[in-house]
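Have a look at the structure below before the remarks.
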Amino acid sequence: MQKLILVASATILAGCSQAAEEGVVDEPVEQAAMADESGIAADGQATPGMYRITSSDGNIYDEDVRADGTYTQSLNGEVVETGMWDQKSPSQYCYTVDEAYVDEDTPAGEQCNTEQIGEDGVWTSTNPAGETAVVERVQS
């Protein structure tokens, strides 16, 4: 009888320690999933790539977003802006324009756009001034 009680106690303790260990394993996985959101664009792919951006005034820009954290934006083949980017989450794309391109329409310091893909499948990016552009990833 004592052996049966010892075996039952050992089994219960083993089950409790296994549950505790499983709980420890789950927590880092959740943190890793949250950390993975940075660097992921609204379309679910890694942010670096080539984009075609149609501004609210109808201009079409080509933007090369590089893995090293820099970007170059061109209009009709002419570079019109360069800077640094940071994709904080799929819905928040931030950028800092290089000093050479700062003017009354393009402020210095980090600016963040809100990005989303609507139910119609259109990817939009809205800047801090409330202007919305359409974004398309261009396959190279």
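The values are calculated or read from the model by the stated rules, or taken from the named source; none is laboratory data. Model, not experiment: these values are computed from the prediction. Please note: Cβ atoms are built from the backbone with ideal geometry, for glycine as well, and neighbour counts cover all protein chains shown.
Restricting the search to the range 127-139, which residues are without any contact (Cβ under 8 Å) to a residue 40 or more places away in the chain and surrounded by 15 or more Cβ atoms within 10 Å (Cβ to Cβ)?
Within the range 127-139, 127 is the sole residue that qualifies.
For residues that are surrounded by fewer than 15 Cβ atoms within 10 Å (Cβ to Cβ), charged (D, E, K, R) and under 17 Å from the mean Cα position of the chain (by Cα), scanning just the range 50-77, find the one that is nearest to residue 127 (Cα to Cα).
The residue in question is 66.
Restricting attention to the range 109-125, and to residues there that are touching a Pro at 6+ places or on another chain (Cβ under 8 Å) and free of Cβ contacts under 8 Å to residues at least 40 places away in the same chain, which single residue is farthest from residue 46 (Cα to Cα)?
Our first condition is that a residue be touching a Pro at 6+ places or on another chain (Cβ under 8 Å); within the range 109-125, this holds for 111-113, 115.
Keeping just the survivors that are free of Cβ contacts under 8 Å to residues at least 40 places away in the same chain gives 111-113.
Details: 111: 20, 112: 18, 113: 17 Å.
Here the answer is 111.
In the range 38-47, what residues are surrounded by 13 or more Cβ atoms within 10 Å (Cβ to Cβ) and either hydroxyl-bearing (Ser, Thr, Tyr) or over 18 Å from residue 111 (Cα atoms) (or both)? I'd like the intermediate steps shown before the answer.
Filtering the range 38-47 down to residues surrounded by 13 or more Cβ atoms within 10 Å (Cβ to Cβ) leaves 38-43, 47.
Within the range 38-47, 38, 43, 47 qualify.
Looking only at residues that are in a strand (DSSP E or B) and of a type in the set (Phe, Trp, Tyr) in the range 91-108, which one is nearest to residue 46 (Cα to Cα)? Steps first, answer last, please.
The first filter runs over the range 91-108 and keeps only residues in a strand (DSSP E or B), leaving 92-97.
Subsequent filtering for residues that are of a type in the set (Phe, Trp, Tyr) retains 93, 95.
Working: 93: 12, 95: 16 Å.
Among those that are in a strand (DSSP E or B) and of a type in the set (Phe, Trp, Tyr), it is 93.
Regarding residue 80, is this residue within 20 Å of residue 46 (Cβ to Cβ) and either in a strand (DSSP E or B) or within 17 Å of the chain's Cα centre (by Cα) (or both)?
On the way: within 20 Å of residue 46 (Cβ to Cβ): no; either in a strand (DSSP E or B) or within 17 Å of the chain's Cα centre (by Cα) (or both): yes.
Considered against the rule, which asks whether it is within 20 Å of residue 46 (Cβ to Cβ) and either in a strand (DSSP E or B) or within 17 Å of the chain's Cα centre (by Cα) (or both), residue 80 comes out as no.
State whether one or more residues within the range 65-72 are part of a strand (DSSP E or B), more than 22 Å from residue 107 (Cβ to Cβ) and either among the aromatic types (Phe, Trp, Tyr) or modelled with pLDDT of 95 or more (or both).
Here is the first cut: in the range 65-72, the residues part of a strand (DSSP E or B) are 65, 70-72.
Next, only the ones that are more than 22 Å from residue 107 (Cβ to Cβ) stay: none.
No, the range 65-72 has no match at all.
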